[in-house]
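*Asks:* Let me give you the structure first, and then I'll get to my questions.
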Amino acid sequence: MDLLRSGKTSFPKTKSGSKRECFGNAERRRDVRFPCAWRIRFVELGEKLPKTFHLGKCKNVSERGLKITSLQPLSRKAVVLLEADLNLFAKHIKTDHLLKISDNRILAEVRWRHLDLDTRLFEAGLEFIEEGKRKEHGLFVTLANVIL
């Protein structure tokens, strides 16, 4: 019986037990990740003016975004103001397309997040917001500009 017609398709599991790698070891990511361990500060932007920055660590960076870890969870799809040494980023990726608030502050959007049960740290994948979307994110740009 043809597995595709029967609807009983089966995908091989990875070493971790997930079914994410359905077609061999092909990489699904569009951009190369550069491992790092840079300190960052971040604050989630929303309707209220945020009170304080939280500390975190950038674990990897790519042309489209970065992975961070911290003690503070982030909301899915939240817009985040990141404060980091962008000169470190520039050694690995182009930074001229990023929506910069200042020399060391950029905007990003949370794409995924979870709690690592081994480390008890929250992990999040953030996608950089591009300069071309400044008008579309005008409220967040305004909020980011008033945060000290």
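*Asks:* Within segment 50-64, which residues are surrounded by fewer than 20 Cβ atoms within 10 Å (Cβ to Cβ), closer than 25 Å to residue 30 by Cβ and not charged (D, E, K, R)?
*Replies:* 60, 62, listed by residue number.
*Asks:* Within segment 65-148, considering only strands (runs of 3 or more DSSP E) that don't extend past its boundaries, which have at least 3 residues that are at negative phi and surrounded by 15 or more Cβ atoms within 10 Å (Cβ to Cβ)?
*Replies:* 65-70, 79-83, 105-116, 121-128
*Asks:* Let me ask you something else. Go through segment 22-43 and report how many residues are modelled with pLDDT under 95 and touching a Pro at 6+ places or on another chain (Cβ under 8 Å).
*Replies:* 1
*Asks:* Among the residues of segment 40-91, which ones are of a type in the set (D, E, K, R) and within 18 Å of residue 123 (Cβ to Cβ)?
*Replies:* Across segment 40-91, the qualifying residues are 41, 44, 57, 59, 64, 67, 76, 77.
*Asks:* Continuing with the same structure: Considering each of 62, 70 in turn, give the residue that is hydroxyl-bearing (Ser, Thr, Tyr) and touching a Lys or Arg at 6+ places or on another chain (Cβ under 6 Å).
*Replies:* One residue alone meets the criteria, 62.
*Asks:* From the list 75, 102, 70, pick out the single residue that is polar (S, T, N, Q) and either in contact with a Ser or Thr (Cβ under 7 Å, 6 or more places away or on another chain) or free of Cβ contacts under 8 Å to residues at least 12 places away in the same chain (or both).
*Replies:* Every option except 102 fails the conditions.
The values are calculated or read from the model by the stated rules, or taken from the named source; none is laboratory data. These numbers come from a predicted model, not from an experiment. Quick reminder, even Gly has a Cβ in these numbers, built from the backbone with ideal geometry, and neighbours come from all protein chains shown.
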